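The values are calculated or read from the model by the stated rules, or taken from the named source; none is laboratory data. Note that this is a predicted model, so its numbers are computed, not measured. Positions of Cβ are backbone-derived with ideal geometry, glycine not excepted, and every protein chain shown enters the neighbour counts. For the accessible areas, the whole protein counts, side chains as well, though only heavy atoms, and no ligand, DNA or RNA atoms are used. Shrake-Rupley method; radii C 1.70, N 1.55, O 1.52, S 1.80 Å.
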Amino acid sequence: MSKQGILIILFLCKGILLSGQQSSQEIATPKAIKMLLDQGKLIEARSQILKMPKEAQSSPESLELIGDIYGGLKRWDSALIYYERFKDIDPKNPAGPFKYGGALGMKALSKNKFTALMYLDDIKASFQKSVDLDPTYVAAHWALIEYYFQVPSFMGGGVERAMQQADALYAVSPVDGLMARARVAEEDEDLGAAEQNYRQAVDTGQSLWAYKELISFYERHKRWDSAFDQLKTAMTKFDDLSLNYQWAKMSVLSDKYVTQGRNYIAECLGPTAQVEGIPEQWIRLRYAQLLRKTGQNKTALEQVNLALVLDANFEQAKEEQRILQKILNTIK
């Protein structure tokens with residue numbers, strides 16, 4: 001199983017991937033600890049849960065939370081211990097085997113390839129158990145689809161198995177099923193079928209997610225006119241700054257609509273702007289790249305330097321910095 005595949009599977013475990021801040025004054029209750037978890041205060045969440053009475057720490061809700069905390073800390077063996085207890089004490093809850101499978105996948109990732117193979121059956125069985133417990137558990141269907149992508153057919157994976165799972169998902173959630181069918185078709189290099197399913201998902205769901213996936217499909221295959229057409233439509237339907245970022249990114253990659261891209265990305269850096277899922281350093285890098293493309297090299301360098309303040313190891317920003325310094329030295 002590839003690193004990307006296991007990471008995708010882990011992403012589906014909603015309680016494990018976390019971000020943000022929270023006050024340290026929360027009372028040690030599962031609800032308060034969940035708030036800390038959802039906002040990324042992992043160490044504080046762990047400290048708070050240890051303040052709970054022992055019997056409260058042994059509840060299914062608490063066991064799941066502790067597993068999520070250790071998952072967020074990438075302590076996979078500890079996460080697995082608590083998810084195992086969570087499964088045992090609440091055997092009808094599909095979240096238990098689902099999260100156990102995600103943590104086991106991450107543990108497999110930390111091993112060599114030969115050792116990782118030993119975990120595959122348990123990973124699959126965990127996701128399948130989650131689906132068996134609740135056939136409407138969409139995330140577990142997606143996890144199985146990603147699993148089949150990453151495991152070769154002679155080991156029980158492959159595109160055909162992934163498509164079968166996508167069809168099962170369609171029966172639960174048509175939009176998710178269409179998106180899964182599109183993903184499988186694209187993986188199988190049937191781009192016509194992939195496009196048809198992505199577009200049908202947009203028509204069926206009219207959701208921001210569906211539009212973004214269709215736009216990204218066109219972006220991956222450098223069909224810039226189609227990508228920008230869909231993005232223009234999405235921007236009339238949704239007030240979401242992540243679409244501004246998407247425009248700026250595509251402007252950088254395609255050299256199309258560069259001035260508009262620069263203006264759109266500037267809106268992402270306003271004092272009250274919030275761009276979900278996009279780190280500020282990436283926003284500043286895209287802004288710098290578009291400023292350079294419109295001849296504003298000094299301002300571009302200022303932006304890329306700010307990106308490096310946020311992340312000193314940001315390689316793409318370092319490369320942009322080198323380009324801008326070379327341009328400015330040449331002008332001098």
Exercise. Any idea which of Ala171, Ala193, Ala166, Ala210 is part of a helix (DSSP H, G or I) and closer than 30 Å to Lys113 by Cα?
Worked result: Ala166
Exercise. Of all residues in region 132-157, how many are surrounded by 17 or more Cβ atoms within 10 Å (Cβ to Cβ) and at pLDDT 90 or above?
Worked result: 13
Problem set entry | Looking only at region 47-61, and only at residues there that are open to solvent by less than 80 Å² (accessible area, probe 1.4 Å) and in contact with a helix residue (DSSP H, G or I) (Cβ under 9 Å, 6 or more places away or on another chain), the one that is modelled with the lowest pLDDT | Ala56
Problem set entry | Test set (1) modelled with pLDDT of 80 or more; (2) touching a helix residue (DSSP H, G or I) at 6+ places or on another chain (Cβ under 9 Å); (3) in a helix (DSSP H, G or I); (4) open to solvent by 30 Å² or more (accessible area, probe 1.4 Å) - Lys74 fails condition number | (3)
For this session: Name every residue in region 196-207 that is part of a loop (DSSP other than H, G, I, E, B) and under 16 Å from Ala180 (Cβ atoms), in order of residue number.
Result: Ser207
Seminar exercise, completed: Selection from region 258-277 of residues in a loop (DSSP other than H, G, I, E, B) and surrounded by 18 or more Cβ atoms within 10 Å (Cβ to Cβ) yields Cys268, Val275
For this session: Pull up region 89-115, narrow it to residues that are among the hydrophobic types (A, V, I, L, M, F, W, C) and within 23 Å of the chain's Cα centre (by Cα), then point me to the one that is surrounded by the fewest Cβ atoms within 10 Å (Cβ to Cβ).
Result: Leu109
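Select from region 233-254 the residues that are open to solvent by 70 Å² or more (accessible area, probe 1.4 Å) and in contact with a Phe, Trp or Tyr (Cβ under 9 Å, 6 or more places away or on another chain) and write down the one among them that is nearest to Ala317 (Cα to Cα).
By that ranking, first place goes to Leu253.
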Exercise. Is it true that some residue in region 309-321 is under 17 Å from Cys268 (Cα atoms) and without any contact (Cβ under 8 Å) to a residue 40 or more places away in the chain?
Worked result: yes
